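The values are calculated or read from the model by the stated rules, or taken from the named source; none is laboratory data. Here the structure is a predicted model, which means the values were calculated and not measured. All Cβ positions, glycine included, derive from the backbone under ideal geometry; neighbour counts span all protein chains shown. These accessible areas exclude ligands, DNA and RNA; they are computed on the full protein's heavy atoms, side chains included. Shrake-Rupley method; radii C 1.70, N 1.55, O 1.52, S 1.80 Å.
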Amino acid sequence: MSVTLIRGKPIAERIRTEVAEQVKEVGHIGLVTVLVGDDPASDVYIRLKHKAAVEAGIDATDLRLPAETNEAELLAKLAELDANADVDAILVQLPLPKHIDEAKVIRALEPAKDVDGFHPFNAGQLYLGRQTLVPATPLGVMAMLTEHEIQLDGARAVVIGRSDIVGKPMAHLLMQANATVTICHSHTRDLARHTLDADVLIAAVGVPAMVSPDMVKAGSVVVDVGINRTEAGIVGDVDPGAAELAAFMTPVPGGVGPMTIACLLQNAVRCARYRRGDIDYPA
Ligand code: NDP
């Protein structure tokens with residue numbers, strides 16, 4: 001049986017076109033991204049997010065603060081943005097410099113403007129099964145699975161990785177779709193015992209090709225969230241040889257990557273709709 005590749009680009013392009021339509025319906029959508037310092041990888045991410053936002057008609061502001069910015073200064077800036085009626089959505093690019101407490105900064109965001117879905121209120125809503133603003137990468141994975149009509153109800157899903165940004169929200173979304181979810185991490189014993197049981201395997205680890213073909217169940221769905229820069233270029237967390245066994249698999253690059261930005265833009269529309277009262281933000 002040959003594998004069906006789940007490519008992110010066409011799905012992401014469609015979502016971005018839909019977002020552009022929605023931006024016209026809503027009118028003005030203000031997105032402010034905040035980057036503290038000059039980390040080169042963060043700079044690239046911010047540029048990509050801006051380009052996509054502007055293409056969709058979102059009014060995006062690229063706020064850059066020097067690396068020496070202290071926590072109080074950043075919090076004061078965020079308070080200003082929280083209070084600004086022209087700003088619907090705020091994104092604080094992580095990681096922040098070490099002298100700033102990330103958790104404190106995320107908590108300071110107005111939850112309804114938290115376009116990344118990282119604020120504890122939004123994370124709590126997801127935990128409670130009431131999706132509000134959900135991190136874009138796992139949302140993107142769900143959109144890919146939906147697009148290919150992957151049966152999740154009753155399926156065994158295994159997520160490798162338990163970060164707040166990918167692994168945990170991913171596991172919650174899969175559970176809400178009625179999959180039976182196992183979360184694996186660096187302390188998991190005999191990882192292959194779990195992965196071989198997975199109808200749907202999501203790898204979000206950050207270790208190149210750590211999922212070898214012999215860890216993959218025949219006929220399964222394999223989603224590779226990993227983006228690892230190596231001498232051989234960008235590679236995922238799954239050995240491409242797994243395509244010999246999987247029924248569906250996401251490529252790297254060109255898989256989950258493009259979905260993240262598309263879903264971030266969807267979240268910006270959601271923020272704007274919350275603020276305009278088109279949809280209720282939970283009190
Ligand atoms: P983190 O480093 O925050 O989390 C990695 C997770 O993998 C941790 O839970 C860790 O376990 C677990 N882990 C590490 N080593 C092993 C191992 N040997 N066996 C099992 N589990 C292990 O990374 P992120 O969640 O932020 O990102 C994961 C990957 O996804 C990265 O490659 C990142 O670049 C990529 N990514 C891609 C995005 C996209 O748009 N496609 C967006 C965001 C991330 P523990 O908790 O025990 O430490």
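For the stretch 193-283, a crude dipole built from +1 on the beta carbon of Lys and Arg and -1 on the beta carbon of Asp and Glu, taken about the Cα centre, is about 540 debye to the nearest 20. When the Cα positions of MET175, MET144, VAL158 are compared along the charge dipole of the stretch 63-186, VAL158 comes out farthest toward the positive end, with charges on each C-beta of Lys, Arg, Asp and Glu. Among residues other than ALA143 with Cβ under 13 Å from its Cβ, the summed charge is 0 (Lys and Arg +1, Asp and Glu -1).
The HN-Hα couplings worked out from phi for the stretch 202-209 by the Karplus form 6.51 cos²θ - 1.76 cosθ + 1.60 (θ = phi - 60°) are 10, 9, 9, 10, x, 10, x, 6 Hz, whole numbers, x standing for Gly and Pro. The long axis of helix 167-176 is offset from the longest Cα principal axis of the chain by roughly 80 degrees. Based on DSSP H segments of at least four residues, each scored -39500 (n - 2.57), the chain has a per-residue ellipticity at 222 nm of -12500 deg cm²/dmol. Rounded to the nearest 10 degrees, the inclination of helix 8-26 to the longest alpha-carbon principal axis of the chain is 30 degrees.
How large, in percent, is the carbon and sulfur part of the accessible surface of the stretch 45-185 at a probe radius of 1.4 Å?
53
Here the stretch 119-165 and the stretch 27-59 have alpha carbon centers that stand 23 Å from each other. Remark: accessible surface ordering of SER212, SER42 (largest first) is SER212, SER42, probe radius 1.4 Å. Think of each Lys and Arg Cβ as +1 and each Asp and Glu Cβ as -1; about the Cα centre, that makes the dipole of the chain roughly 320 debye. If one puts a single equal scatterer on every Cα of the chain and applies the Debye formula without solvent, what log₁₀ I(q)/I(0) results at q = 0.08, 0.13, 0.16 Å⁻¹? Log10 I(q)/I(0), no solvent term: -0.34, -0.89, -1.28.
Quick one: if you stick a label point 7 Å off each Cα along the C-beta vector at LYS51 and TYR127, how many nm between them? Here the answer is 3.7 nm between the modelled labels. Of the cross-linked pairs LYS9/LYS104; LYS168/LYS217; LYS9/LYS77, those separated by over 24 Å at the C-alpha level are LYS9/LYS104; LYS9/LYS77.
The simple Förster model, with R0 at 30 Å and r as the Cβ-Cβ distance, assigns GLU231 and THR4 a FRET efficiency of 0.50. If only the Cβ of Lys and Arg carry +1 and only the Cβ of Asp and Glu carry -1, the dipole of the stretch 40-117 around its Cα centre is close to 240 debye. Name the residue from ILE202, LEU264, GLY277 whose Cα lies farthest towards the positive end of the charge dipole of the chain, charges +1 on Cβ of Lys and Arg and -1 on Cβ of Asp and Glu. Projecting each Cα onto the dipole axis, the largest value belongs to ILE202. What does DSSP give for the chain in terms of the percent of beta bridges that are antiparallel, rounded to the nearest 5? Antiparallel bridges: around 10 percent, rounded to the nearest 5.
With a cut-off of 14 Å between beta carbons, the residues surrounding ASN84 carry a summed charge of -3, where Lys and Arg count +1 and Asp and Glu -1. What residue among TYR127, ALA20, PRO10 has its Cα farthest toward the positive end of the dipole of the chain, where the charges are +1 on Lys, Arg and -1 on Asp, Glu, each on the Cβ? Positive-most Cα among the choices belongs to TYR127. Of the GluC sites (Glu not before Pro) found in the stretch 1-66, none is in coil by DSSP with at most 13 other Cβ atoms within 10 Å of its Cβ.
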